[in-house]
1. In nm, what is the difference between 0.36 nm times the number of residues separating VAL355 and LEU53 and their Cα-Cα distance?
2. Give me the distance between the Cα centres of region 321-352 and region 257-273, rounded to whole Å.
3. How do PHE155, PHE316, PHE179 stack up against each other in accessible area, from largest to smallest, with a 1.4 angstrom probe?
4. Treating the beta-carbon of each Lys and Arg as +1 and of each Asp and Glu as -1, no other charges, what is the dipole magnitude of the chain about its Cα centre, to the nearest 20 debye?
5. Along Cα→Cβ, 7 Å out, is where each label goes; now give me the distance between the ones at LEU328 and GLN298 in nm to one decimal.
6. How big is the accessible area of SER136 in square angstrom, nearest 10, if you roll a 1.4 angstrom probe over the protein chains?
7. Using +1 at the C-beta of Lys and Arg and -1 at the C-beta of Asp and Glu, which of VAL131, TRP77, PHE179 has the Cα lying farthest in the positive direction of the dipole of region 72-186?
8. Quick one: net charge around SER115, please, counting Lys, Arg +1 and Asp, Glu -1 for every other residue with C-beta under 11 Å from its C-beta.
Amino acid sequence: MDAGMDLLHSSGVELVQYLQLSYRDSQSWFTFISIAADLRNTFFVFFPIWFHLCEAVGVKLIWVAVIGDWLNLIFKWILFGQRPYWWVHETSYYGNVSVPVLEQYSITCETGPGSPSGHTMGSAGVCYVMVTAILSILRADMVFCSCSHRCHYCFRCLRAFLWGAFWVVQVCVCASRVFVAAHFPHQVFMGVISGMVVAEVFGRINAIYNASFKRYLQITLFLFSFALGFYLLLKVLGVDLLWSLEKAQRWCARADWVHIDTTPFAGLVRNMGALFGLGLALNSPIYAESCKGKRGQQFSFRISCIVASLIVLHLFDSVKPPAQRELLFYFLSFCKSAAVPLAAVAIIPFSVSQVMNKQEKKML
């Protein structure tokens, strides 16, 4: 078993070296792709856009992102996946042969286990939701199309284009994660497949669209308690699930590249905060007042909410919790993540609605 994994890892290291040597000039592109594939962009960019264009898609995006990343954490704790940038220094596979030299970058030194890739799992799940949503909307519009044959032909062409673009994006994300030596090829492949499975499953669960705040709270507490309980149970049994943090700190080329927000618990509290905030927002009276009435059906109102949300959330994202105290960092990360859907779903639409009401009264 160990020999087979060593062979798989060594083959992955060879691919990392090939990409780094052959595409050295594309470093900025690969770095940009990895940053763009971060789940943070789902919460701060894709969610507010989709929520105000099609509420159900926005809600599904949050569920797929949160549950997918939670499952990714559990899988990582079970699989104990290595990462290339530390594996080459600790393996005995190379014996007396010189250890392969892998370049490291500012986004290389993630502290969690490597399998499956969280970036590719999140990217695949989120993109899968968006592509299927677009196709579902277009398929519904075809009912009203007078030129049935031409519409079907255009739909097939667009479907091929969207799925082609989906796979191009996934290949780019996979290549970027391998290029920066954060993952082995098999880990990014597992991430893509897992993300698509999660998105497909949530495409069949309708209960998420009308869940009460009590249900959101129950699920949030269950997910957090399960992950924390799993960690504590194995710690009692002598298994430290944070074993990868020591390896990251030991083998990262620069100490300032090891960030607390890449730790397993940082991702956990961010996701729990986002789910809690969504449940609170969807069940708040100001959301019902601003988004569920006639105002919520106006295209100008929706566009205004999107623009305002993107601006406010961009400014909000620039505020980083202090990393000096770990528990304080986790608490503030939870609060910040909860505030994102609360602002995009309830506070900003309510504010926009109030402004538009005042403008309409002045015009009378």
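1. Values: separation 302, 0.36 × 302 = 108.72 nm, distance 2.01 nm.
That pair, VAL355 and LEU53, stretches by 106.7 nm at full extension.
2. With region 321-352 and region 257-273 each reduced to a Cα centre, they are spaced 14 Å.
3. On the way: PHE155 20, PHE316 65, PHE179 0 Å².
Order by accessible area, largest first: PHE316, PHE155, PHE179.
4. Values: 28 positive and 20 negative charges, 306 e Å.
So the magnitude is around 1480 debye.
5. 4.4 nm
6. Spelled out: SER136, probe radius 1.4 Å, area about 60 Å².
7. VAL131
8. Values: positive: LYS76, ARG83; negative: none.
Taking every other residue near SER115 into account, the sum is +2.
The values are calculated or read from the model by the stated rules, or taken from the named source; none is laboratory data. Bear in mind that the values here come from a model prediction, so they are computed numbers and not experimental data. Please note: Cβ atoms are built from the backbone with ideal geometry, for glycine as well, and neighbour counts cover all protein chains shown. The protein model used for the area step is the full one, side chains on, heavy atoms only, and it has no ligands, DNA or RNA in it. Shrake-Rupley method; radii C 1.70, N 1.55, O 1.52, S 1.80 Å.
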